[in-house]
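What follows is a single structure, written as structure tokens, with notes after it.
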Amino acid sequence: MNTSPATISLPGTSRGGWACATASACAGGLVVGVLTNLAQGRLPGAWNQLANSGAVWSVVAFVAGALLARRVSLSAAAVAGLCAESGLVVGYYGYAEVARDGMGSLHAPLVWLGMAFIAGPLFGVGGVWWRGRDPRRRVIALAALAGVFGMEAIQYAWVLHYAPQAWACLAALVLVALLMGRTHRERAVTLGTAIPFSLLAYLIFEKLVLDTALGS
């Protein structure tokens, strides 16, 4: 009888699982990055701004994590979220450079790539938490996702004074909570939690990205 401890191979811990997850996330990010560039000017009304939305990019990392939930480890989902966000930046600005008038200075792409290293893993893990059984983690994940739309709603309403775009982002916040929550209580708590998350995200984005990194 072999008395040595058994070695168990868990999904996402093998090199193959990591490679498949990261490659799929990178490819998906590249495609969506190109599509968001193409969609500019084609969506109706205020919804057109969603084609140039950092919140929508966060959704891609969230979806990457959700699709990989229960199939890969949490760390692999975080890496997949990072790859998805990085792919978005490369796809968006790569298409602008090749098919449009050029992306201009490298400053903005590098700033958004830096943001991808923060938002990608966070929302990749958020996607896994949303698919999980812990109601508190599901609420946190959904409130964070809704909160980035709330952040943009504040930006449009308070700074840019674009009311239609602000309402569109606010509608997206509500839809995330209502459509993705599993119970009435979960939806209500998500909406309540998304409000402070929106304010926190706005302060971080406004001070770190717009004022400091982009200088706007």
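The values are calculated or read from the model by the stated rules, or taken from the named source; none is laboratory data. Just so it is clear, the structure is predicted and the values come from calculations on it, not from any experiment. Cβ coordinates were reconstructed from backbone atoms using ideal geometry, including for glycine residues, and neighbour counts include every protein chain displayed. For the accessible areas, the whole protein counts, side chains as well, though only heavy atoms, and no ligand, DNA or RNA atoms are used. Shrake-Rupley method; radii C 1.70, N 1.55, O 1.52, S 1.80 Å.
Things to note:
- Atom-type composition of the exposed protein surface of segment 87-144 places 66 percent of the accessible area on carbon and sulfur (1.4 angstrom probe).
- Accessible area expressed per residue, the chain, with surrounding protein chains retained (probe 1.4 Å, Å²): 54 Å²
- For the chain, the dipole from Cβ point charges (+1 on Lys and Arg, -1 on Asp and Glu) about the Cα centre works out to 880 debye, to the nearest 20.
- Folded to 0 to 90 degrees: helix 107-131 orientation relative to the chain principal axis, Cα: 50 degrees
- For peptides 101-110, 129-138, 145-154, 164-173, sequence by mean Cβ density within 10 Å, most packed first: 145-154, 164-173, 129-138, 101-110
- Between helix 163-180 and the chain: long-axis angle, C-alpha atoms, 0 to 90°, nearest 10: 20 degrees
- With contributions of -39500 (n - 2.57) from each DSSP H run of at least four residues, the per-residue ellipticity at 222 nm computed over the chain stands at -24000 deg cm²/dmol.
- 0 to 90° range, to nearest 10: angle between helix 15-39 axis and the chain longest Cα axis: 20 degrees
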